[in-house]
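K.L.:
My questions all concern the structure below.
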Amino acid sequence: MPDTDLLSLQIDHLGILQSRYEQVLEDHGYDGLLISSGAAPMCYGDDQSWHFQGYGPFLHWTGLAGFEHAWLLIRKGKKPQLSLHQPVDFWHASLEVPQEPWLEKFDLRFSESPSAPELEGISQLAVIGDPALLAGLPGDENPGALCNALDETRVHKTAYEIACLAQANKLAIAGHHAARDAFLAGASEFEINLAYQRATQQREVDAPYNSIIGVNGHAGILHYQYYDTAAPAKSRSLLIDAGVRYRGYCSDITRTTAGVGEGRFAALVHGLEQLQFRLCKMVAPGVDYLDIHRKTHFGIAALLSAAGLVEGLSDEEQVSEGITRAFFPHGIGHFLGVQVHDVAGKPVAPPDDAPFLRLTRTLEAGMVVTIEPGLYFIPSLLEPILSGPLGHHINRSLLDELQGCGGIRIEDNVVVTESGYRNLTREVEA
């Protein structure tokens, strides 16, 4: 059972959502909004379904990630009507609703049918969710302007949301420590994953995303998706990117550990962590997130020079010539909330020098972002540099030595406060 402070914050959270949603509906000419929780689609040609994890707006209100065929009706001045599907089924268990105070804020109903509830007294209705489940319903289906406005209601987190994100970080850090210890003890990727799950007490399918667990060269594959069941002869490095879902909210943390005897790689990990600390300190209201991303490239350039990987080029030249992008090809981070890559991050497209950046906004208090610089040794990205006119500036022998370590990424979850930042990850890791 969560603590009473969290449950009290949840009541406040629901009041804030009611106000935000009522304003959005009024602005867009609707007097009712029906939200579908969604349902897991069936695998093609099979009788098995994909695992299910709820539609964002539904989770924003309820946190009930596993409830399929549920419906939430929002109207001005009325209790939200929450209809939960509870079929009579001897094949599967029905999820139970936690008996907590927030339920009193809803008109709670149960139905054996997966269909939407009967709707009366609504003249202008919008329905949002998976189009496959909305067919035949009255009202406007997923109206673009309304959906964009609803996404904006998730940009500034309430105190309850931040508390949930903090707890998701606390649970995930326990898993990261267990994973690190398993790696240093010689475990395989598969065994490291089991150690993480055991420590977090969350099945991988219930986590916010599939954990990335890369040993040695696999750490250089940004979204490495497999787990070797046998440990390598020598474990040189571990990159683990893994989170936890708590009451619908996600953590997203990455740590890199050098193996025993990997002094050069360990020095690079330390250097990147020091850069990451400085980048987190940049988080504050009024800061353009793109500036943090661009600052990262100059930090990567300085680190490459200090490590002796790049010689004879200034930091500015490394950035302008694209060398840092070969070592750091992704964006510095993204919004975080009930989705790992939370919505409304890109009101404008990213610039040409940051094509993979997922957040192009000026930071404001209440936003929650990730800060995740990386430094990788990816052959397909480095080969054009090595074979080009700037190739002689790369220390190839050192690069060859480090190539087998794959790469480094360090990621924290950071709240933008009124005066600066709060690092949710470091405050529980200390």
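K.L.:
On each of the three principal axes of the Cα atoms of the range 277-423, give max minus min coordinate, whole Å, ordered largest first.
P.N.:
Cα extents, longest axis first: 46, 27, 26 Å.
K.L.:
Quick one: Debye curve from the alpha-carbon atoms of the range 219-315 only, equal weights, vacuum; give me log10 I(q)/I(0) at q = 0.12, 0.13, 0.17, 0.20 Å⁻¹ to two decimals.
P.N.:
Reported log10 I(q)/I(0), two decimals: -0.56, -0.66, -1.03, -1.22.
K.L.:
For the chain, which whole percent of the accessible surface, found with a 1.4 angstrom probe, sits on carbon and sulfur atoms?
P.N.:
On the way: 9960 of 19020 Å².
Reported share for carbon and sulfur atoms: 52 percent.
K.L.:
Please list, short to long, the whole-number percent of alpha-carbon pairs of the range 218-268 in consecutive 10 angstrom bins beginning at zero.
P.N.:
Values per bin, smallest distances first: 20, 44, 27, 8, 1.
K.L.:
Rg/Rh for the range 131-254: what does it come to with C-alpha atoms and Rh from Kirkwood?
P.N.:
Details: Rg = 18.7 Å, Rh = 16.5 Å.
Rounded to two decimals, Rg/Rh equals 1.13.
K.L.:
Using the eigenvalues of the Cα gyration tensor, what equivalent ellipsoid semi-axes result for the range 173-245 when each is taken as the square root of five times the eigenvalue, whole Å, largest first? Intermediate values should be presented prior to the final figure.
P.N.:
Numbers: eigenvalues 68, 36, 18 Å².
They are 18, 13, 10 Å, listed from largest to smallest.
K.L.:
Along the range 412-421, what does the Karplus equation 6.51 cos²θ - 1.76 cosθ + 1.60 (θ = phi - 60°) give for ³J(HN,Hα), rounded to whole Hz, x for Gly and Pro?
P.N.:
Residue by residue, the range 412-421 yields 10, 10, 10, 8, 7, 9, 4, 10, x, 8 Hz.
K.L.:
Per-residue HN-Hα couplings for the range 6-15, Karplus 6.51 cos²θ - 1.76 cosθ + 1.60 at θ = phi - 60°, whole Hz, x for Gly and Pro?
P.N.:
5, 5, 5, 4, 5, 4, 4, 4, 5, x
K.L.:
For the range 189-325, what is the charge dipole size about the Cα centre, in debye to the nearest 20, if Lys and Arg each add +1 at the Cβ and Asp and Glu each add -1 at the Cβ?
P.N.:
On the way: 13 positive and 16 negative charges, 92 e Å.
For the range 189-325, the charge dipole is close to 440 debye.
K.L.:
Restricting to DSSP H runs of at least four residues, report the calculated mean residue ellipticity at 222 nm for the chain, -39500 (n - 2.57) per run over all residues, nearest 500 deg cm²/dmol.
P.N.:
On the way: 13 runs with 153 residues, N = 430.
-11000 deg cm²/dmol, from helical runs alone.
K.L.:
To the nearest 10 square angstrom, what accessible area does CYS405 show with a 1.4 Å probe?
P.N.:
Estimated to the nearest 10 Å², CYS405 gives 0 Å².
K.L.:
In the range 79-180, what GluC sites (Glu not before Pro) fall in a loop by DSSP, with at most 11 other Cβ atoms inside 10 Å?
P.N.:
Working: sites: GLU96, GLU104, GLU112, GLU118, GLU120, GLU141, GLU152, GLU161; in loops: GLU96, GLU112, GLU118, GLU120.
Hits after loop and neighbour filter: GLU96, GLU112, GLU118, GLU120.
K.L.:
Hey, another quick one. Residue by residue through the range 280-297, what is 3J(HN,Hα) from phi via Karplus (6.51 cos²θ - 1.76 cosθ + 1.60, θ = phi - 60°)? Round to whole Hz and write x for glycine and proline.
P.N.:
Listing the rounded values in order: 4, 5, 6, 5, 5, x, x, 8, 6, 4, 4, 5, 5, 4, 5, 4, 4, 4 Hz.
K.L.:
Considering only protein heavy atoms, what per residue accessible area in square angstrom results for the chain with a 1.4 angstrom probe?
P.N.:
Numbers: 19020 Å² over 430 residues.
Result: 44 Å² of accessible area for each residue.
K.L.:
Another question, if that's okay. Can you give the translational diffusion coefficient of the range 294-361 in µm²/s, computed by Stokes-Einstein from the Kirkwood radius over Cα pairs at 37 °C and 0.692 mPa s? Display every interim value, and only then the final one.
P.N.:
Details: Rh = 13.1 Å.
Translational diffusion coefficient: 250 µm²/s.
K.L.:
Tell me, Kirkwood radius of the range 29-100 from alpha-carbon pair distances, in Å? Mind showing how you got there, number by number?
P.N.:
Working: mean 1/r = 0.0727 Å⁻¹.
It is 13.8 Å.
K.L.:
If amide hydrogens are placed 1.01 Å from N in the peptide plane, which non-local residues have theirs closer than 5 Å to the one on ALA126?
P.N.:
GLY32, LEU33, LEU34, ASP140
K.L.:
List the equivalent ellipsoid semi-axes of the chain in whole Å, largest first, each obtained as the square root of 5λ for an eigenvalue λ of the Cα gyration tensor. Before the final figure, lay out each step's value.
P.N.:
Numbers: eigenvalues 357, 120, 76 Å².
Computed over the chain, the values are 42, 25, 20 Å.
K.L.:
Per residue, how much space in cubic angstrom lies within the convex hull of the C-alpha atoms of the range 360-428? Before the final figure, lay out each step's value.
P.N.:
Numbers: hull volume 10.2 nm³, N = 69.
Considering the Cα atoms of the range 360-428, their hull volume per residue is 148 Å³.
K.L.:
Quick one: how many lysine pairs in the chain have C-alpha atoms under 22 angstrom apart, if they're 8 or more apart or on different chains?
P.N.:
Close lysine pairs found across the chain: 12.
K.L.:
With contacts defined as alpha carbon pairs under 8 Å and 6 or more residues apart, what's the relative contact order of the range 17-99 in percent? Walk me through the numbers on the way to the answer.
P.N.:
Details: 102 pairs, mean separation 22.0, N = 83.
Relative contact order comes out at 26 percent.
The values are calculated or read from the model by the stated rules, or taken from the named source; none is laboratory data. Bear in mind the structure is a predicted one, so any value in this text is a computation, not a measurement. So basically every Cβ, Gly included, is an ideal-geometry build from the backbone, and we count neighbours across all protein chains shown. Just so you know, the surface numbers come from the protein's heavy atoms only, side chains and all, with ligands and any DNA or RNA stripped out. Shrake-Rupley method; radii C 1.70, N 1.55, O 1.52, S 1.80 Å.
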